[in-house]
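Read the structure below first, then the notes.
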Amino acid sequence: MNKFFLTALPLALALGANAQQALTVKDYERAENVLAASMQPLIEHTGITPTWLADDRFYAKDGSNFILYNPAKGTKGAAFDQVKLAAALSTATGKQYTADKLPFEQFTFAEDGKGVIFMADGKQWKFDGGKVIPDNSTVKTVASAGGGRGRRGGGAGRGGNPNEILSPDGKKAAYIKNFNLWVRDVQSNKETQLTTDGVKDDGYATDNAGWAQTDRPILMWSPDSKKIATFQQDERKVNNMYLVSTKVGAPVLKEWKYPLPGDKEIPMLSRVIIDVDNPKVIRLNVAPDPHRSTLSDDIKGGAGWADVYWSADGTKLVFASTNRDHKQEKVRIADAETGAVKEIFEETAKTQFESGFSDVTWRYLSKSNEIIWFSERDNWGHLYLYDATTGTLKNQITKGDFVVTAIEKIDEKNRVIYFTADGLDTENPYFTKLCKVNFDGKGFTILTPAHGNHQTTFSPMGNFIVDTYQKPDVAPVSVLLNMQGKQIFELEKTDISRLTATGWKPVVPFSVKAHDGKTDVYGLLWLPRNMDPNKKYPIIDYIYPGPQGGSVGSWNFSAAKGDNNALAELGFIVVEIEGTSNPYRSKSFHDMAYGNMADNTLADQVGGIKQLAEKYPIDLNKVGIWGHSGGGFATAGAMFRYPDFFKVGISESGNHENLNYEDNWGERYNGLTSNSDYISQGNENLAKNLKGKLMLAHGLMDNNVPPQNTLLVVEALEKANKDYDLVIFPNSPHGYGQYSTYMMRRRWDYFVKNLMGKEPPHEFQFKSMR
């Protein structure tokens with residue numbers, strides 16, 4: 001045997017071993033093929049999303065086809081001839097359209113019943129069955145698909161201008177100019193200035209405090225279109241936030257008002273009512289309120305202004321004032337002519353008060369002068385009925401171990417409330433059901449008893465309900481119900497046969513015990529498609545701790561949720577655990593970490609993964625974790641607080657130091673700085689504990705979580721002589737925009753290399769990057 005062979009043999013063996021420890025482009029392509037862009041087209045009949053017509057008919061898209069349903073007759077059919085419309089539209093515009101790729105998602109029927117009206121190529125058109133012609137008629141808004149939760153602030157102005165708010169009668173559009181409020185006559189375009197003393201940092205209806213920054217005014221039109229309720233927002237002494245762009249030449253400085261926890265000065269709202277026809281500002285006789293709402297860290301509610309309601313005749317304004325740390329709510333009523341304010345009732349909470357979850361869940365009923373109020377005073381989120389004249393509690397409306405999540409429809413005539421609730425499904429407390437109850441608390445009925453997560457919409461005339469229900473691992477079914485919850489007929493059943501033919505497997509729902517050993521917490525598990533039960537797999541924990549949300553987020557069916565499915569395809573087990581201290585459960589559950597946001601459900605994550613390892617082939621020596629925003633905060637915290645358990649972490653855009661994040665959020669969940677230890681919760685103070693591999697990422701134009709949050713951790717790691725990896729997006733916002741795919745590739749590479757112990761393909765390009 002020659003000397004060369006003896007020398008080369010070990011090298012050849014080493015190269016062969018390294019080759020086995022590398023993932024290929026083909027491996028990454030296979031993972032890319034199980035992302036939503038590839039999986040979703042394999043699903044047919046994905047659930048009915050109705051657009052209602054005024055007569056209780058509705059249409060919905062089935063793939064590329066518009067289907068018209070007539071519940072009263074029990075029929076369905078093509079809404080119009082799509083082949084003829086496509087051909088006629090092609091002729092009219094000179095552009096080529098096909099029946100399966102029409103350039104609109106919504107339409108309305110012409111008032112004469114002859115033809116349909118739609119928007120395409122920047123214009124409004126009418127198709128009468130034979131030809132397409134330009135159309136200048138005023139199209140009535142299609143009936144809302146949202147039951148009782150439509151726009152409360154008014155729609156966009158003519159031309160769809162998002163920075164104008166249209167009056168209820170459609171004749172005026174309100175907007176901000178030079179820090180003052182103006183209205184424009186929609187017909188004549190005549191502009192009228194309503195306020196005159198608005199100046200920079202003390203303007204009217206402004207939406208520019210903290211992370212919220214738009215030019216759209218925040219206001220409420222009165223039902224008769226004669227008055228506007230809004231505020232003058234004083235931010236003159238509020239601290240500034242700064243971001244600097246990256247460019248050739250001098251950078252551009254972005255500056256705006258961004259209060260932090262503990263700041264002496266925060267934005268304050270002086271409430272006003274404005275007479276529109278004869279411009280006059282009536283200041284409400286009440287002290288300015290902090291920039292707060294009953295629901296969240298913003299004063300908007302949906303598309304309007306949270307916690308504000310007009311009486312039907314426009315003479316009264318009912319609103320709720322929230323104090324700085326969200327512990328006190330005062331419900332008040334103002335005289336729209338004089339500005340006099342009367343306090344109706346007050347509620348306080350030891351931790352933090354919230355009036356719901358996805359939307360403000362309290363209502364003022366003008367006809368009966370009553371208030372349906374949301375409270376967790378008995379440890380569960382329920383509805384209470386108050387007399388709006390005396391402030392007297394009439395009765396508790398809902399009771400039991402469940403939470404009301406939204407008011408969907410109120411039948412004032414028959415005094416019935418239709419609402420959604422979580423906690424009523426024995427399979428999973430996060431499954432939402434539609435219920436109804438009388439104002440007096442009697443007649444409670446679950447209208448959608450089938451197991452699963454239900455999403456419902458009501459017909460405009462109040463005769464029918466479309467219900468789509470599903471589970472994370474069970475595809476949607478849509479049915480038509482009457483108002484008593486009786487099924488009339490099945491509308492559609494999702495077909496996933498082409499999806500399953502690829503070898504796709506659904507996610508695995510599970511429950512484990514929380515860190516206290518008693519409380520059930522729930523989650524989802526993605527397993528490698530061809531998992532070998534005799535082999536141990538590294539596990540990746542996707543985390544978003546809230547406390548206003550959670551890791552799972554949606555409990556609906558999904559063929560591919562984010563890149564969890566793709567990471568499983570690469571050879572990881574992937575988990576999402578909805579830990580304690582998150583919403584949609586009891587008040588005590590949500591408050592388990594109040595005052596210590598650095599808890600971040602981490603003990604639940606560690607304990608849950610250990611329990612899952614007793615059932616699944618999980619390698620507890622190879623545990624990774626990643627998350628974005630609050631999940632980025634939690635990820636770095638996991639690497640520093642549990643350095644022997646979590647070996648690899650990817651922390652994206654984390655609010656690592658809540659003294660450096662918007663005041664409203666921290667002071668709501670952590671309390672005022674005078675009552676809470678913010679300092680010890682900051683990730684930079686624990687960076688010295690790092691043992692594993694940590695990647696940090698941030699966009700330098702992030703106006704939600706300013707990048708200084710991550711740079712504080714970078715500085716601390718360097719002071720502690722710790723290695724780390726850093727990905728910076730110079731001109732990107734909170735979510736990285738066009739670079740989100742690049743971040744996903746870096747995430748895959750980092751886990752493959754450092755958690756799996758294999759080499760990723762060099763600079764793999766996704767289809768969208770090629």
| remark: Carbon and sulfur atoms account, in whole percent of the 1.4 Å probe accessible area of the chain, for 50 percent
| How compact and how long is the stretch 406-456, expressed as Rg and Dmax of its alpha-carbon atoms in Å? | 11.1, 35
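Which value, in Å to one decimal place, does the Kirkwood hydrodynamic radius take for the stretch 606-763 when every pair of different Cα atoms is included?
Roughly 16.3 Å, rounded to one decimal.
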| query | Taking only Cα atoms, what is the 0 to 90° angle, nearest 10, from helix 602-613's long axis to the longest principal axis of the chain? | reply | 60 degrees
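So what is the calculated 222 nm ellipticity per residue for the chain, using -39500 (n - 2.57) for each DSSP H run with n of 4 or more, over all residues, to the nearest 500 deg cm²/dmol?
So the helix-based figure for the chain works out to -4000 deg cm²/dmol.
Past the 18 Å Cα-Cα mark, which pairs from 471/493; 561/693; 471/505; 622/693; 647/722?
561/693
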| How many Å³ per residue does the convex hull of the Cα positions in the stretch 193-259 occupy? | 124 Å³
| task | For the stretch 540-652, state the semi-axes of the equivalent ellipsoid (square roots of 5 times the eigenvalues of the alpha-carbon gyration tensor), sorted largest first and rounded to whole angstrom. | result | 21, 17, 13
| request: Set the Förster radius R0 to 41 Å, insert the Cβ-Cβ distance between residue 742 and residue 495 as r into 1/(1 + (r/R0)^6), and round the FRET efficiency to 0.05. | output: 0.75
| field | Flagged links, alpha-carbon separation over 18 Å, of 409/433; 171/367; 413/486; 76/486; 84/126 | value | 171/367; 413/486; 76/486
| note | Relative contact order of the chain (C-alpha contacts under 8 Å, at least 6 apart) in percent is 10 percent
| remark: Longest principal axis of the chain (C-alpha) makes with the long axis of helix 630-641 (C-alpha) an angle, in degrees to the nearest 10, of 40 degrees
| remark: If each K or R counts +1 and each D or E counts -1, the residues other than residue 629 whose Cβ falls under 11 Å of its Cβ total -2
| task | DSSP loop (so not H, G, I, E, B), at most 16 other Cβ within 10 Å: list which chymotrypsin sites (Phe, Trp or Tyr not before Pro) in the stretch 414-444 pass both filters. | result | 444
| task | For the chain, compute Rh as the Kirkwood radius over C-alpha pairs and then the Stokes-Einstein diffusion coefficient at 4 °C and 1.567 mPa s; write the answer in µm²/s, rounded to an integer. | result | 45 µm²/s
| remark: Full extension between residue 378 and residue 688 adds, at 0.36 nm per residue less the Cα distance, a length in nm of 107.3 nm
| message | Can you give me the angle between helix 740-751 and the longest principal axis of the chain, using Cα atoms only, in degrees from 0 to 90, rounded to the nearest 10? | response | 30 degrees
| query | In nm, to one decimal, how far is the residue 55 label point from the residue 137 one, both placed 7 Å along Cα→Cβ? | reply | 1.4 nm
| field | GluC sites (Glu not before Pro) lying in DSSP loop within the stretch 691-770, provided at most 13 other Cβ fall within 10 Å | value | 763
| task | Check the stretch 213-313 and count each lysine pair with an alpha-carbon distance under 21 angstrom, considering only pairs eight or more places apart or from different chains. | result | 7
| task | Taking the Cα centre of the chain as origin, sum charge times position over the Cβ atoms of Lys and Arg (+1) and Asp and Glu (-1), and report the length of that vector in debye to the nearest 20. | result | 1160 debye
| Given R₀ = 41 Å, FRET efficiency for residue 119-residue 348 by Cβ-Cβ distance, to 0.05? | 0.25
| query | For the stretch 181-304, what D do you get in µm² per second when you plug the Kirkwood radius from alpha-carbon pairs into Stokes-Einstein at 37 °C and 0.692 mPa s? | reply | 203 µm²/s
| In square angstrom, what is the accessible area per residue of the chain with a 1.4 angstrom probe? | 43 Å²
| field | Estimated distance in nm for a label pair at residue 393 and residue 762, the labels positioned 7 Å out from Cα along Cα-to-Cβ | value | 7.0 nm
| remark: Quick numbers on the stretch 502-561, Rg and Dmax over C-alpha atoms in Å, give 13.7, 41
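The values are calculated or read from the model by the stated rules, or taken from the named source; none is laboratory data. Treat the numbers as computed from the prediction; the structure is a model and nothing was measured. When we count neighbours, we look across all protein chains shown, and the Cβ atoms used for this are built from the backbone with ideal geometry, even at glycine. Ligands, DNA and RNA are excluded from the accessible area calculation, which covers all protein heavy atoms including side chains. Shrake-Rupley method; radii C 1.70, N 1.55, O 1.52, S 1.80 Å.
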